[in-house]
Every structure is written in structure tokens, then in C-alpha cells.
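FYI, it's all coordinate maths here, none of it is from the lab. Everything numeric here is computed off the predicted structure, so don't read it as measured data. Cβ atoms come from the backbone with ideal geometry, glycine included; neighbour counts cover every protein chain shown.
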């Protein structure tokens, strides 16, 4: 990783230590009282016996912003990491089969709540404030093993409550029903994770539930858009945030999708890509959850506009993206890209050039590291329609 990235990480860590020197007693005692955004987390370590618990800052009031990625447009990387670091994560080791019992049911009520929820946690020992900030994983605030927990003030979100009590509905159908009811994706993912959906319920590690939710929703949308008419020209959308540059090309073709990522490691450029046709992807993507997050962001646009197209996405991950904050930023980045005014051309080659120009990587390099562009360029646009 470049010195830019290291400097950003050092700066954020030093400011966190500054916060601790002023307010350390709030974060390092054997108890915490605060208002959860509301937020819960299910770890993947030691699966199938995982660490599960609420996330709560040492403050009371409206803390919703601390765990609402859909509301983070315009926030800096540092601001978002501070949201994360200010949430103390309480944990208890629990089997993934354990979706009932007082502790888990309290967490389900927190997850269901339409507003931030007051929590009082007592830990087995003082919370550790030793955190690591690297370029590999999303940062977390202090962690403490819960001895006892008191929850109060949750108010159920009606669509979620209804689905929670419906044990005949499959998890996939529950995800889609919540999405179509207007529930934010980050909220649906938490419900999925804490074992609130479906017939055979279990706890699902948070990072897996995020990918599963994006995958379920995007698959369903794509089934719908396959009935739509094809676009008749190429459109290029772009957006940049948090050190990520997105270029999205829509072109006249039945649904096919490819995402190519480029990143810098010790000054060397690396690439990864995955693609699918109307049958979907038949393996775990090399670029992991970012693939499904991007697919969801662009498929929403096609559905809303009642159109169908081929899609090619370039994502350049700049050194300024020094600390990963989660695949939500890919989904929200693509959503924002699709709100911008597109450039329009009838020539696919020109579309590739326009998309590449938004990045610091050449068209030739992008094409060499994917497979779709060469396939499409061998045909004329009239072949697709």
C-alpha cells in the first residue's frame, strides 16, 4: 500500500488516541450506557459458535447516523471510520442455531426498532480500547464480553414485525417483501443476520448476510428486467467517493454484466473481475461482495426506467481508500453514479474510452483484464438489438 494510505491510517489512529486521552473513561470501563443506532453484529470467527451482540456508543440521544450507510453520502472516510470506532461492540458466544432465548430476542427487538434504542451493558471486565487500523479489514470500536444487558425504548417497525412473526415465509421472500416495503437494505441485512427471517432460522455472520441480501434482491430485479426493451445507445455514468472511482457503461444487449476492479498494492496495479449473463453467476465472485452490491445498484436503475441493457463497470480503488469500510459503499456509489447525467454515444469503443477517461487507468488495461469488452467489440451494435 502506498505511503498516502499509510499516512491516512496513521492520522486516523492518532486522532482516535487523542479522543481516548480526553474521553477514555467512556470507552474502557466495565460498563456502558448509551443509545444504539440501532445496531447488532454477528461475527464469523469460530463459526458455528459465533460472537453476537449490540453495538452502542457511550452517548444517549439520536445516534441513528452512526450505523446508517444510506445516509453517509458526502461524509469523508475519516468521519465514517469515527462512526465505527465510537460504537462499542458487546459480545456473547452463541450457537448459530440459537435464535430464541432472552438475549437473542432482545437483540431482535433492537434490530426491529424504528428508532435508536437505549442499552445498559455490564461487561465481564474492562473493555479493551486497543484497535487496529489496516488496509485489509473494516475497523471496529472497542469490544467487551457481556455479563448482563438491559434494553429499553425500542419501537417495532411494522413491516419487519409482521414478517418476524410469519414463520411460513421463506427467508428469500421475506427479504424481497421488506425491500418492496421500502425498508433500507442495511436494515434488512441486520434482520437476516440476527435470525429473524424464514422458516428454518439461524444466525448469519453479518458479512455473509450483507452479500446474501444484495444477491437475493438483485436476482429478483434482473428476472423482471429481462422482460424490458433494450436500450438503443450506450450511456456512461460515473461517480467518485471515498477514494473509489466508478464508471458504468450501459450498452444495447440482453442482460450481461461484468465488473472489473483495479487497485494499487505497493505501487503495483492489480486487477480482478467477474461476469454473468441472464443465467446469473455460477461461482463465488473473485471480487467478493462488491460484485453483488454493484449489480444491485445498477439493476435498480434499469428496473426504475423499464429498460434492459448490458452493463460493464470499472471500479478504480485509489490509495486514498486507505481503510475499507464495507461493500455498502460500492452499492451506494453505483446508486449515486446512476443519478448523474450520463454521456451518450452510439459507438461502444467510444463508450469504453469515455468510461476509462474518468479513471487513471487506460482503456487498453481495463479491456485486457476483463472478458466482456472484447466479446462485445467483435459484434456490431445492430447485432445486439
### Message
I'm spelling it out carefully: the read-out is Rg/Rh (Cα atoms, Kirkwood Rh), the candidates are (i) 0.99; (ii) 1.16; (iii) 0.96, and one was derived from this structure. Which label?
### Response
(i)
### Task
Set the Förster distance to 22 Å, then compute FRET efficiency between residue 122 and residue 78 from the Cβ-Cβ distance, nearest 0.05.
0.10
### Task
Within the stretch 146-173, find all residues whose amide N lies under 18 Å from a label point positioned 7 Å from the Cα of residue 115 along Cα-to-beta-carbon.
151-161
### Calculated SAXS-style log₁₀ I(q)/I(0) at q = 0.12 Å⁻¹ - the stretch 111-208, Debye, Cα scatterers
-0.53
### Task
Taking the chain as the reference, fit the longest principal axis to its C-alpha atoms, fit the long axis of helix 348-357 to the helix C-alpha atoms, and give the angle between the two in degrees, 0 to 90, nearest 10.
40
### Task
Quick one: work out the % antiparallel among DSSP beta bridges in the chain, nearest 5.
80
### Query
Mind checking the angle between helix 289-304 and the chain's longest principal axis? C-alpha axes, 0 to 90 degrees, to the nearest 10.
60
### Message
Could you work out [θ]222 nm for the chain from helices alone, using -39500 (n - 2.57) per DSSP H run of at least four and dividing by all its residues? Round to the nearest 500 deg cm²/dmol.
### Response
-11000 deg cm²/dmol
### Task
Kindly work out what percent of the DSSP beta bridges joining two residues of the stretch 229-384 are antiparallel, to the nearest 5.
75
### Message
Can you compute the FRET efficiency between residue 254 and residue 11 using 1/(1 + (r/R0)^6), with r the Cβ-Cβ distance and R0 = 41 Å? Round to the nearest 0.05.
### Response
0.30
### Message
Assuming 0.36 nm per residue, please report the length gained on full extension of the stretch residue 65 to residue 150 beyond their Cα-Cα distance.
### Response
28.4 nm
### Message
Below 8 Å, C-alpha to C-alpha, sequence gap of six or more: please give me the relative contact order for the chain in percent.
### Response
17
### Task
Just grab the label-to-label distance for residue 22 and residue 44, each label 7 Å out from Cα along the Cβ direction, in nm (one decimal).
3.6
### Query
Using just the C-alpha positions of the stretch 29-187 as equal point scatterers, what log10 of I(q)/I(0) does the Debye formula give at each q in 0.10, 0.15, 0.21 1/Å?
-0.38, -0.87, -1.54
### Query
How many nm separate the modelled label positions at residue 4 and residue 341, each set 7 Å beyond the Cα in the direction of the Cβ?
2.8
### Task
For the stretch 229-384, count all C-alpha to C-alpha pairs, find those more than 20 Å apart, and express that count as a whole percent of the total.
44
### Message
Angle check, please: helix 3-27 long axis (alpha carbons) against the longest principal axis of the chain (alpha carbons), in degrees 0 to 90, nearest 10.
### Response
20
### Query
With springs only between Cα atoms under 10 Å, which of 310, 270, 326 fluctuates most in a Gaussian network model of the chain?
270
### Task
Report the FRET efficiency, 1/(1 + (r/R0)^6), for residue 93 and residue 33, where r is their Cβ-Cβ distance and R0 is 22 Å, rounded to 0.05.
0.40
### Query
So, in nm, how far is label residue 166 from label residue 374 when the simple model puts each one 7 Å beyond its Cα toward the Cβ?
4.8
### Task
Express as a percent, rounded to the nearest 5, the fraction of DSSP beta bridges in the stretch 70-184 (both residues included) that run antiparallel.
75
